[in-house]
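Each value in this text was obtained by applying a stated rule to the coordinates, not by laboratory testing. This structure is a prediction, so every number in the text was calculated from the model and none was measured. Don't worry about glycine lacking a Cβ; one is built from the backbone with ideal geometry, like all the others, and counts go over all protein chains shown.
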Amino acid sequence: MSATIIRNGRVIDPANRRDGVGDLYIENGKIVATKSEVRSPKSEIDEIDASNLIVAPGLIDMHVHLREPGFAHKETIESGARAAAAGGFTTIVCMPNTSPPADNPSTIAWINDRAVKTAGVNVLPTGAISRNLAGEDLAPIGSLAQAGVVAITDDGHCVQNHELMRRGVEYARMVGLPVLDHCQDYDLVGSGVVHEGYWSTLLGLPGWPAAGEEAIVMRNILLAELCDHHIHCQHVSSAGSVRLIREARARGLKISGEVCPHHIALTDEAIQNFDTSYKMNPPLRSQAHVDALLQGIADGTLSILASDHAPHADFEKEVEFDAAPFGIVGLETELGLFLDLLVHKHHKIDTVRLIEMYTVEPARLLQVDAGTLSAGAAADITLIDPTMEWTVDIHQFQSASRNSPFDGWKLRGRAVRTIVDGKTVWRL
Ligand SMILES: [Zn+2]
């Protein structure tokens, strides 16, 4: 027997509509409803003082690249899980663009085994929609479901053939998996590396037009309706995508969208010094797009927050802009950025909604047992200091990579302790 009492925190549990100062009881890795149900002898009960802290269900990041198998020099499942814990995340969902790609049950089994042996947080794998993420024929979606994936996605790539995508969505519906999609029309985007607009023209960099995302969001809305099945648009970056998703949700369609912090923290103006830590896919866009994303978060159109944590080694990013890989690390800065920008600076949502977008919303979409402080649930808990001021220092990252544009940023709000199955896995 082992037990812990977390005392005097502001317990925010959106799944149970709980928000108030109180205590939280844990025994043998599970949440216990009341003190009288704690059976451990008093001498064996640990106490954590959570005064002035938020006690939240363990946060879920449903968009993470862990790079294993295949690219362990960028990140391993172990180092990525450490970064997650340091960012306040108890559950992360990893993308299938590894080497070999996660388009088959044995790679999923390998990831699950590796996660059990090395990761301090829960790692939930996704499987590919198409074999080798090539968009030519379907991956064995039924076997992937049996192997335990929580969703299918070709993230990093996008199935261009609408008929193949339709069959993927129908297959996913049959086996009860949501479909996540990286929305990029290859013909419209071409070799684009930055948002098509003022800065791409001025700098002479190939443009990535917003319509390149919106065309696929539109396709996904049509297929969600046709197949009556959920499609989730990953890392939404454009005003047109927000408008399309808003209209489709108003019609009751099974469509959703997520936002990454860099798409609201930065605009394409940041690329003028050709610094590759501002190169991501989809790209940073103009202020009008940022404003539309903020509005989409405020009115519930965009319902999930995620990092698109994409580690790359220095030597890979330290090349000319066109040649550098897309993406930045995000697990250790996303909570601070979203609290600082959405809650403190722009007042778009309150802390309760922010926690809901990191817990209830992704748990419901993925149908996983997480994101709640209900009695009997796994004691996955994040303690958050919502107003702590801190400065991002990439050299303090637990991630194996340092590719972040936020080094030196002063933020308000940070996770201070991360608990998985009742055990502290990280503490500030
Ligand atoms: Zn992507």
> Using only the Cα atoms, what convex hull volume per residue in Å³ does segment 343-428 have?
Replying inline: 136 Å³
> By DSSP, what percent of the beta bridges with both residues in the chain are antiparallel, rounded to the nearest 5?
Replying inline: 50 percent
> Given 0.36 nm per residue, what is the gain on full extension from D187 to D350 after removing their alpha carbon distance, in nm?
Replying inline: 54.7 nm
>> Rounded to the nearest 20 debye, what is the charge dipole size of the chain about its Cα centre when +1 sits on each Lys and Arg Cβ and -1 on each Asp and Glu Cβ?
In response: 1080 debye
> How do S191, S241, S286 rank when sorted from fewest to most other Cβ atoms within 10 Å of their own Cβ?
Replying inline: S191, S286, S241
> Across 5 Å bins from 0, what is the distribution of all Cα-Cα pair distances for segment 244-355, in whole percents?
Replying inline: 2, 11, 20, 21, 18, 13, 8, 4, 1, 0
> How about K117: which aspartates and glutamates have a C-alpha closer than 14 Å to its C-alpha, ignoring those fewer than 8 places off in the same chain?
Replying inline: E68, E78
> Across 5 Å bins from the origin, how do the percents of Cα pairs in segment 99-215 run, short distances first?
Replying inline: 2, 12, 19, 18, 14, 11, 10, 8, 4, 1, 0
>> For segment 267-332 and segment 338-401, what is the centre-to-centre distance using only Cα atoms, to the nearest Å?
In response: 19 Å
> Dividing the alpha-carbon Rg of segment 343-387 by 2.2 N^0.38 Å yields what?
Replying inline: 1.31
>> At 20 °C and a viscosity of 1.002 mPa s, what translational diffusion coefficient does Stokes-Einstein give for segment 1-121, taking Rh as the Kirkwood radius over Cα pairs? Give it in µm²/s as a whole number.
In response: 129 µm²/s
> Fewest first, what order do E269, E361, E78 take by the number of other Cβ atoms within 10 Å?
Replying inline: E269, E78, E361
> Using the scaling law 2.2 N^0.38 Å as the reference, what is the normalised Cα Rg of segment 297-356?
Replying inline: 1.44
>> If I model a spin label at A323 and E225 as a point 7 Å from the Cα along the Cα→Cβ vector, what separation in nanometres do I get?
In response: 4.6 nm
> For the residue pair R251 and D275, what label-to-label distance in nm results when each label sits 7 Å from Cα along the Cα-to-beta-carbon direction?
Replying inline: 4.2 nm
> How fast does the chain diffuse by Stokes-Einstein, in µm²/s, taking the Kirkwood radius from C-alpha pairs at 4 °C and 1.567 mPa s?
Replying inline: 60 µm²/s
>> Need the full-extension length gain, E47 to R18, defined as separation in residues times 0.36 nm minus the C-alpha distance. One decimal, nm.
In response: 8.3 nm
>> From the C-alpha coordinates alone, can you work out the Kirkwood hydrodynamic radius of segment 107-163, in Å?
In response: 12.1 Å
> In Å, what Rg and Dmax follow from the Cα atoms of segment 69-160?
Replying inline: 12.8, 39
> Taking Rh as the Kirkwood radius computed over C-alpha pairs, what is the Stokes-Einstein D of segment 273-428 at 25 °C in a medium of viscosity 0.890 mPa s, expressed in µm² per second?
Replying inline: 143 µm²/s
>> If R₀ is 25 angstrom, what is the calculated FRET efficiency for the pair E136 and E170, using the beta carbon separation as r and rounding to 0.05?
In response: 0.90
>> How long are the semi-axes of the equivalent ellipsoid of segment 144-286, defined as square roots of 5 times the Cα gyration tensor eigenvalues? Whole Å, largest first.
In response: 29, 15, 13
